[in-house]
Amino acid sequence: MPPLPPASDFTAAPTQGAVKTWGTALTAYLAGLFGTDGALGTALRALGVPRSSYGTLAAATAVTAAHRGRLLDCSGTWTLGLLAVAAAGEGFALTVRNAGAGTITIDPAGSELVDGATALALGPGQGADLLCTGSAWVTTGLAGRGAGPLALADGAVAAPALAFAGDLALGLYRAGAGVLGLAAGGAALALLSATGLAVNVPITGTAVQSGGTDATDGRLLRVDGPRGAFGWGASGSPPALADLDDATSPSGLYVVNSATTLAGTWPPGVPASTAALVVKRTQTGGLVQEFTRLAVSNGVWTRRYTGGAWAAWERPTPLVGPVSQAGGVPTGAVVEAGSGANGSWTRFADGRQIFEHTMTLSATAGVTWTFPATSVAPPRVHGTAQATVLSSVQLDAAPSATSCVLSARDKADARRADVVHLTGNSRWY
């Protein structure tokens, strides 16, 4: 720019030529300072007033004197090189805004610094006013930079304090003392405080189990089904299991019935009707089923799935209760006992049976003992007489499967009316 003509160009008696020369120099100086069209915008741009002009950049650029005072809208990912502070001079200012989705890196010349750093990265939507101090570059107006925090109003669930231009109802707000709220569409989605996190919407994604058999550590459990990971949390009727032989079913409580489950293997000898089923997964590829028919008399059956195959159904054996058998294999309790007018009896699951009775015999004739329970063959009968003299219990004839005739006799073979204690050993099958 031409220099301002000095006052010495005027003499005590200036000549016309001197005045013309001085005026021409002054005109050139003012044109360089304010422009020649007389427009205010042209003058402001020529003076380098901040944001007095606008431009766009889309590739790596080196700042020149022509960028003084300009607002530069940048897009892409590249570096904007600053003038050396000596060349820029104190007061050189420009504004840079990242109008794209990439990163604009502000890079001072050589080892010079901007805000005390070797470079400054502007993310999408960020902008900064850059000013040369004569020895370094500094910024003003860049959010998140400076000595203090960015202080916002509290906002509200319907109007978050930190929101987005495209969705002013989505963002963060202060829900109360020490409580940060996340809102969308006028609803509080989550509330975070020092005591916990309250989430008011369903949680999805990889933080949640993909299914009831997903055992990934750290994931949230599912409730959906058929049982998900909810396990014993059923408050009403459990879900029906479509196939009793489904080895992929999650742990939990199910209903099985003849309409949906006969494709699978039903416990032997159990009528096909509604029953409860408990599934317990033990390890990868293994599980245990516990089958309980609603008719209590049918008991409980269990079986295991391991190595890719189902084992046979097993029925836990009760210690005391009705004994039974099928083809010589016990199917009931271990011990069964009872009593009546003809004595007591005890049956064992292996088929053995014991009778016991106390009765008074006759001195004139044999007395019949009808056994208290049935046998499949005549039992072996033993007895002891309760007497102060020699007395022995004898069978008057071979016993049948249902009874025997007994006498108590002394050493002279005479019958006695003694009290006798009797035992019979037989089999019930």
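Observations
- Residue check for LEU80: crowded, with 16+ Cβ neighbours inside 10 Å, at pLDDT 95 or above, in the same structural domain as GLY55 (by TED's automatic domain parsing) and not hydroxyl-bearing (Ser, Thr, Tyr): yes
- Test: residue in the range 386-409 that is surrounded by fewer than 16 Cβ atoms within 10 Å (Cβ to Cβ) and basic (Lys, Arg): no
- Residue in the range 302-320 that is under 17 Å from VAL255 (Cα atoms) and in contact with a Gly (Cβ under 7 Å, 6 or more places away or on another chain) present: no
- Some residue of the range 100-110 being in contact with a helix residue (DSSP H, G or I) (Cβ under 9 Å, 6 or more places away or on another chain), closer than 15 Å to THR139 by Cα and modelled with pLDDT of 75 or more: yes
- Scanning the range 288-315 for residues that are outside any strand (DSSP E or B) and closer than 15 Å to GLY269 by Cβ gives ALA295, SER297, ASN298, GLY299, ALA312, TRP313, ARG315.
- Within the range 326-348, being in a loop (DSSP other than H, G, I, E, B), surrounded by fewer than 16 Cβ atoms within 10 Å (Cβ to Cβ) and in contact with a Leu (Cβ under 7 Å, 6 or more places away or on another chain) holds for one residue alone: VAL334.
- Restricting ALA412, ALA377, ALA401, ALA408 to those that are more than 30 Å from THR317 (Cβ to Cβ) and touching a residue at least 12 places away in the same chain (Cβ under 8 Å) reduces the list to ALA408.
- The single condition among (1) in a strand (DSSP E or B); (2) in contact with a Leu (Cβ under 9 Å, 6 or more places away or on another chain) that ALA109 does not meet is (1).
- When the range 9-62 is limited to residues that are more than 30 Å from ALA93 (Cα to Cα) and assigned to a loop (DSSP other than H, G, I, E, B), the one that is modelled with the highest pLDDT turns out to be THR15.
- Of the strands (runs of 3 or more DSSP E) contained entirely in the range 158-224, those carrying at least 2 residues that are at pLDDT 90 or above and more than 23 Å from the chain's Cα centre (by Cα) fall at 167-176, 179-184.
- Index of the failed condition, GLU336 passing every other in (1) free of Cβ contacts under 8 Å to residues at least 60 places away in the same chain; (2) farther than 16 Å from VAL376 by Cβ: (2)
- The set of residues in the range 83-105 being in a strand (DSSP E or B) and either at positive phi or buried (at least 16 other Cβ atoms within 10 Å of the Cβ) (or both) consists of ALA93, LEU94, THR95, VAL96, ARG97, ASN98, ILE104.
The values are calculated or read from the model by the stated rules, or taken from the named source; none is laboratory data. For clarity, every value in this text was computed on a predicted model and none was experimentally measured. No Cβ is skipped: glycine too gets one built from the backbone with ideal geometry, and neighbour counts run over all protein chains shown.
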